[in-house]
Amino acid sequence: MIGRIVSFGRRGCEVLEALGRAGQFLAQSAVGIPSREGWYLWLRQVHFVGVLSLAIVLVSGLFIGMVLALQGYTLLVDFGAEQALGQMVALSLLRELSPVVAALLFAGRAGSALTAEIGLMKATEQLTSMEMIGVDPLRRVVAPRLWAGFVALPVLTVGFSVVGIYGGYLVGVEWLGVFEGSYWGNMQGSVDFIGDVGNGMVKSVVFALVVTWIAVFQGYDLVPTSEGISRATTRTVVYSSLAVLGLDFVLTALMFGGFS
Amino acid sequence: MKRSKTMELGVGLFMLAGILGLLFLGMRVSGMAFTAPGDTFRLEANFANIGSLKPRARVTMAGVTVGRVIDIELDADWYDARVVLELDAELEGRLSRDTTASILTAGLLGEQYIGLTVGGDPDTLADGDTIRDTQSAMVLEELIQQFVSNMVSD
């Protein structure tokens, strides 16, 4: 019994320690003057986590928009309110689905890759070698990846929304025959640029920070064995998905919960 | 380090696509129109009951949208609702002083909006004036109550 309590306490201390390390890690790698070389490193990472994730994000966005329109239509047509379809598709995408689903896809597509890459660098002692020749691995390896994720995810989220709304248009207007003018008109009447698009962007920036932070920290902090890398990659996806969904509830409550 | 032109181009296009997407969300989805502030003028109207009228509701004339509600507050002197309307500048000086503002409902359960009807007074309303002749929102419960009490008294 005593042993259990002791081990519980030890686990608690370990969690707190890891959190402290993660915070220190973020602070150390996020600052730093970007040089010309650093700018190029950043560009390469944006290419990797952003441009190469575009396909999966856009295709998912299209299908989610189409499904939303289909489901929304069958529900709304019972009330004779299928004209509100555009409003429903746009608001659910902009406020919730785009930031969350794009962040989840991003965690799976880019976050896990970041963890594995940095983890393998650590396991093959590339990070230590960098320190030996006087290059700060936080600035050289971690900072460009952190900032790239920070920029790429909001852009991906915008793409997700645009393609999703277009997917809703395809199903709702072209297929199910909702009047085109009311699809766009109701959308424009109800979507507020600051309140809906802006808050969605705030969400996606927060998710970008959390997901890339978890990914690079898990890579940097793992046990440098092949098993350690596989565990850290799994942890990245699990932790960032949970963090995104949990934070989404908190942010939604703050933005749309009427506490202002 | 090896520099790849296609990669740089890809990132550039990616960022450009993001900006264009945001622009699309602004213009097409939230219907933002970049009108200069000089293109509108304001009128006020006091209503005894605004029902569920909300800021950003439409203001129409003969069914055509000519402006929107920008602010609703309680007028503490009269205990009624003061609604501030923002109308297209082309109507400035063309609405007669006895213009009627009424709160209408789109459909039976739809959103509420304001309808303006012009009167015959030669004087016109200017920026900041108050519309005197107003008609409150139709509140369904009050109508039913009236109907029931009429039935009882008959």
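Side notes on the structure shown:
- So A:ILE64, is it touching a helix residue (DSSP H, G or I) at 6+ places or on another chain (Cβ under 6 Å) and in a helix (DSSP H, G or I): yes
- Considering segment A:117-165, the residues that are in contact with a Leu (Cβ under 6 Å, 6 or more places away or on another chain) and closer than 17 Å to A:ASP221 by Cβ include one that is modelled with the lowest pLDDT, namely A:PRO137.
- Across segment B:85-109, the qualifying residues are those that are over 14 Å from B:PHE41 (Cα atoms) and in a strand (DSSP E or B), and the one among them that is most open to solvent (accessible area, probe 1.4 Å) is B:LEU104.
- Within segment A:53-90, being in contact (Cβ under 8 Å) with a residue 24 or more places away in the chain and among the acidic types (Asp, Glu) holds for one residue alone: A:GLU82.
- Per the listing A:LEU62, A:LEU70, the residue uniquely closer than 30 Å to A:VAL173 by Cα, open to solvent by 30 Å² or more (accessible area, probe 1.4 Å) and within 19 Å of the chain's Cα centre (by Cα) is A:LEU62.
- When the residues of segment A:225-234 are filtered to those that are farther than 17 Å from A:ARG145 by Cβ and assigned to a helix (DSSP H, G or I), the one that is modelled with the lowest pLDDT is A:SER226.
- Some residue of segment B:90-112 being polar (S, T, N, Q), more than 27 Å from A:PHE79 (Cβ to Cβ) and touching a residue at least 60 places away in the same chain (Cβ under 8 Å): no
- Any hit, segment B:110-117, residues being outside any loop (DSSP other than H, G, I, E, B), aromatic (Phe, Trp, Tyr) and surrounded by 15 or more Cβ atoms within 10 Å (Cβ to Cβ): yes
- From the options A:LEU146, A:LEU170, A:LEU156, A:LEU120, residue that is open to solvent by less than 20 Å² (accessible area, probe 1.4 Å), touching a residue at least 60 places away in the same chain (Cβ under 8 Å) and over 16 Å from A:SER98 (Cα atoms): A:LEU146
- Every condition in (1) surrounded by fewer than 20 Cβ atoms within 10 Å (Cβ to Cβ); (2) within 14 Å of chain B (Cβ to nearest Cβ); (3) not acidic (Asp, Glu) holds for A:THR128 except the one numbered (2).
- Residue within segment A:210-224 that is open to solvent by 30 Å² or more (accessible area, probe 1.4 Å), of a type in the set (Gly, Ala, Ser) and assigned to a helix (DSSP H, G or I) present: no
- When B:LEU53 is tested against (1) within 23 Å of A:ALA84 (Cβ to Cβ); (2) in a strand (DSSP E or B), just one condition goes unmet, and that condition is (2).
- Within segment A:49-59, the only residue that satisfies the criterion of being within 11 Å of another protein chain (Cβ to nearest Cβ) and open to solvent by 60 Å² or more (accessible area, probe 1.4 Å) is A:LEU52.
- B:ALA33 vs. criteria under 14 Å from the mean Cα position of the chain (by Cα), modelled with pLDDT under 85, within 14 Å of chain A (Cβ to nearest Cβ) and under 30 Å from A:SER98 (Cβ atoms): no
- Scan of segment A:131-143 for residues that are more than 14 Å from every other protein chain (Cβ to nearest Cβ) and open to solvent by 50 Å² or more (accessible area, probe 1.4 Å), ordered by number: A:GLU131, A:MET132, A:ILE133, A:GLY134, A:ASP136, A:ARG139
- So A:TRP175, is it more than 20 Å from A:ASP248 (Cα to Cα) and in contact with a Lys or Arg (Cβ under 8 Å, 6 or more places away or on another chain): no
- One residue from B:ARG68, B:ARG82 being at pLDDT 85 or above, of a type in the set (D, E, K, R) and surrounded by 15 or more Cβ atoms within 10 Å (Cβ to Cβ): B:ARG82
- Count of segment A:164-193 residues which are of a type in the set (A, V, I, L, M, F, W, C) and facing chain B (nearest Cβ under 9 Å): 5
- Selection status of A:LEU93, part of a helix (DSSP H, G or I), in contact (Cβ under 8 Å) with a residue 12 or more places away in the chain, crowded, with 19+ Cβ neighbours inside 10 Å and in contact with a helix residue (DSSP H, G or I) (Cβ under 9 Å, 6 or more places away or on another chain): yes
- Residue in segment A:5-26 that is within 14 Å of another protein chain (Cβ to nearest Cβ) and of a type in the set (Ser, Thr, Tyr) present: no
The values are calculated or read from the model by the stated rules, or taken from the named source; none is laboratory data. Keep in mind it's a predicted model, so treat the numbers as computed, not measured. Neighbour counts run over all protein chains shown; Cβ positions are idealised from the backbone, glycine included. These area figures cover heavy atoms from the full protein model, side chains too; ligands, DNA and RNA do not enter into them. Shrake-Rupley method; radii C 1.70, N 1.55, O 1.52, S 1.80 Å.
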